[in-house]
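Okay, so here's the structure we're looking at.
Throughout, read-outs are computed from the coordinates displayed, never taken from laboratory work. Computed from a predicted structure; not experimentally measured. Here Cβ is always computed from backbone atoms with ideal geometry, including for glycine, and neighbour counts include all displayed protein chains.
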Amino acid sequence: MNLQYLDFDYSEDGHGHGSFEAMASVPAARVPALHAEIVQVLAWAHGAFPDLRGPLEEGGEWDYLLHGLREWSVPEIFCYDDVSGHLGSRLESAGEPRHSVTLALSGSAQFCEALRHAFNL
């Protein structure tokens, strides 16, 4: 399975546990596709390692964190008056919101290898 929105970075700790972290930021029209991709990854993890989710330090095989943020950008137009030497600005209308999601998966070496293989990471 190939992912279009989630581009994971990998790191490993001294205990052999790995972490995959991805962030995606999309306009509203792409939110359903991004959500579907997140569901695909989490459904795989729950299916491939059922009943093993939990904090690694408490004996879990894998765990995840999922956070979202919706942001609106407001363009600011600057004008410099060369006679007075002052800088002025005005705000334009807010643009379309961006939906940003961060997904972090951590797990044992076995979980990380299986995730790499399942999603061509």
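Once C-alpha pairs closer than 8 Å and six or more residues apart are averaged by separation and normalised to the residue number of the chain, the relative contact order reads 33 percent. Shown for Met23, Met1: other C-beta atoms within 10 Å of each C-beta, ranked fewest to most, produce the order Met1, Met23.
Take Ser19, Ser106, Ser11 and order them by how many other Cβ atoms sit within 10 Å, fewest up front.
By the 10 Å Cβ count, ascending, the order reads Ser11, Ser19, Ser106.
Provide His67, His17 in ascending order of the number of other Cβ atoms located within 10 Å of each residue's Cβ, fewest first.
Values: His67 10, His17 18.
In order of increasing Cβ crowding within 10 Å: His67, His17.
The amide H of Gly60, built 1.01 Å from its N in the peptide plane, has no neighbour under 5 Å, considering only residues 5 or more places off or on other chains. Helix 31-48 and the longest principal axis of the Cα set of the chain meet at an angle near 20°.
Using the Karplus relation 6.51 cos²θ - 1.76 cosθ + 1.60 with θ = phi - 60°, the per-residue 3J(HN,Hα) values for segment 3-13 come to 9, 9, 9, 8, 10, 7, 9, 10, 9, 9, 9 Hz, with x marking Gly and Pro. All other residues whose Cβ lies under 10 angstrom from that of Pro97 are scored, Lys and Arg at +1 and Asp and Glu at -1, for a net of 0. Where only DSSP H runs of four or more residues are counted, the chain gives -8000 deg cm²/dmol as its mean residue ellipticity at 222 nm, each run worth -39500 (n - 2.57).
Using the Karplus relation 6.51 cos²θ - 1.76 cosθ + 1.60 with θ = phi - 60°, the per-residue 3J(HN,Hα) values for segment 94-102 come to 5, x, 5, x, 10, 10, 10, 10, 10 Hz, with x marking Gly and Pro. Figure legend: label point modelled 7 angstrom from the Cα of Glu58 along Cα→Cβ; residues of segment 1-27 with amide N under 19 Å from it are 17-18. So how far, in whole Å, is the C-alpha centre of segment 10-24 from the one of segment 28-99? A separation of 19 Å, based on Cα centres. Shape descriptor for the chain: Rg over Rh equals 1.22 (Cα atoms; Rh from the Kirkwood inverse mean 1/r). Put +1 on the Cβ of each Lys and Arg and -1 on the Cβ of each Asp and Glu in the chain; which of His17, Leu66, Cys112 then has its Cα farthest toward the positive end of the dipole? Value computed over the given set: Leu66.
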